Amino acid sequence: MNKILELKNIKREFKMGSETVRALKDISFDVMTGEFVTIMGASGSGKTTLLNMLGCLDKQTSGIYLLDGVDVAKLSRNQLAHLRNNKIGFVFQSYNLLPRTSALENVELPLMYNSSVSTKDRKDRAIKALEAVNLADRLDHTPSQLSGGQQQRVAIARALINEPVMILADEATGNLDTKTSFSIMALLQDLNEHHGKTIVFVTHEPDIAQFSSRTITLKDGKLIKDHINENKKNAKEALAALPVGDDV
């Protein structure tokens, strides 16, 4: 099995006036191909800083970060953008969809600037991605015509279209009710278990972390726990066990 992520002694420090804020303190861990990992921690634990670094949106102050074997710190801005677009599929808490654009067009977006992909191929790949998230019947719907859960499924389809090595999700269930959250986690479990997608999911919710195979916990910028979830829950079963009407 390959290592998708390798972090060795990662530190991230910010200057705020005369003070130095140590957001990440000597973080080391690996993520293997096909893992489903949650990164847990309260607000201020360093989750967002780590997520930005994993997503090549920010660079570490010191230490080594390898994404699919590539030393990210050595890349130029253009090389970073290329790596980010080809290796990582992002899913955000707020969906980040274009409001007056159809689900199909929203999913096509990452391929719009890829001259090697024809218009037909782009559309075919977008349809396939929407089928993978069970939205084949919503291609022409705009975000305002979709529920929160459906909008997040569009966002996941958009993250899949470049066939990334990793899906990086930031509080992707944070705006959703319990029933919809579980359905999104069931979808992510399916993508992980049956399609081999590597998923790194940032959350502050322990019940959501139970659906992953491994949980990394941060506190005050330090990695305080990294454990395999021996009692990983099945999200489809958890969804089926919810009381009827628990979708308010």
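Below are the figures for this structure:
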item: Residue tally, condition closer than 16 Å to Gly41 by Cβ and modelled with pLDDT under 90, over segment 174-203; result: 1
item: Those residues of segment 93-113 which are part of a loop (DSSP other than H, G, I, E, B) and hydrophobic (A, V, I, L, M, F, W, C), in sequence order; result: Leu97, Leu98, Met112
item: Filter result (in contact with a helix residue (DSSP H, G or I) (Cβ under 8 Å, 6 or more places away or on another chain), at negative phi and not small (Gly, Ala, Ser)) within segment 122-134; result: Arg122, Lys123, Arg125, Ile127, Leu130, Val133
item: One residue from Gly55, Gly41, Gly69 being out of contact with any Ser or Thr (no Cβ under 9 Å at 6 or more places or on another chain) and within 30 Å of Thr180 (Cβ to Cβ); result: Gly55
item: Sole exception among (1) modelled with pLDDT under 95; (2) touching a helix residue (DSSP H, G or I) at 6+ places or on another chain (Cβ under 8 Å) for Ala159, by number; result: (2)
item: In segment 63-103, the residues that are touching an Asp or Glu at 6+ places or on another chain (Cβ under 6 Å), of a type in the set (S, T, N, Q) and under 27 Å from His204 (Cα atoms); result: Gln93
item: Leu51 surrounded by 14 or more Cβ atoms within 10 Å (Cβ to Cβ), among the aliphatic types (A, V, I, L, M), closer than 25 Å to Ile208 by Cβ and touching an Asp or Glu at 6+ places or on another chain (Cβ under 8 Å); result: yes
item: Residue tally, condition touching a Lys or Arg at 6+ places or on another chain (Cβ under 9 Å) and either touching a residue at least 12 places away in the same chain (Cβ under 8 Å) or at positive phi (or both), over segment 135-156; result: 10
item: Ser76 vs. criteria under 27 Å from Lys3 (Cβ atoms) and of a type in the set (Ser, Thr, Tyr); result: yes
item: Residues of segment 225-248 satisfying the condition of being within 19 Å of the chain's Cα centre (by Cα) and in a helix (DSSP H, G or I); result: Ala235
item: Residue count, segment 1-32 (criterion: under 22 Å from the mean Cα position of the chain (by Cα), buried (at least 16 other Cβ atoms within 10 Å of the Cβ) and not hydrophobic (A, V, I, L, M, F, W, C)); result: 2
item: Residues of segment 90-126 satisfying the condition of being touching a Lys or Arg at 6+ places or on another chain (Cβ under 6 Å), of a type in the set (A, V, I, L, M, F, W, C) and modelled with pLDDT of 90 or more; result: Ala103, Val107
item: Given (1) under 16 Å from Pro164 (Cα atoms); (2) surrounded by 16 or more Cβ atoms within 10 Å (Cβ to Cβ); (3) modelled with pLDDT under 95, number of the condition Glu35 does not satisfy; result: (3)
item: Filter pass, Ala209 being closer than 27 Å to Leu67 by Cα and modelled with pLDDT under 95; result: yes
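The values are calculated or read from the model by the stated rules, or taken from the named source; none is laboratory data. These figures come from a predicted structure and were not determined experimentally. In this analysis, Cβ positions are derived from the backbone assuming ideal geometry, glycine residues included, and neighbour counts consider all displayed protein chains.
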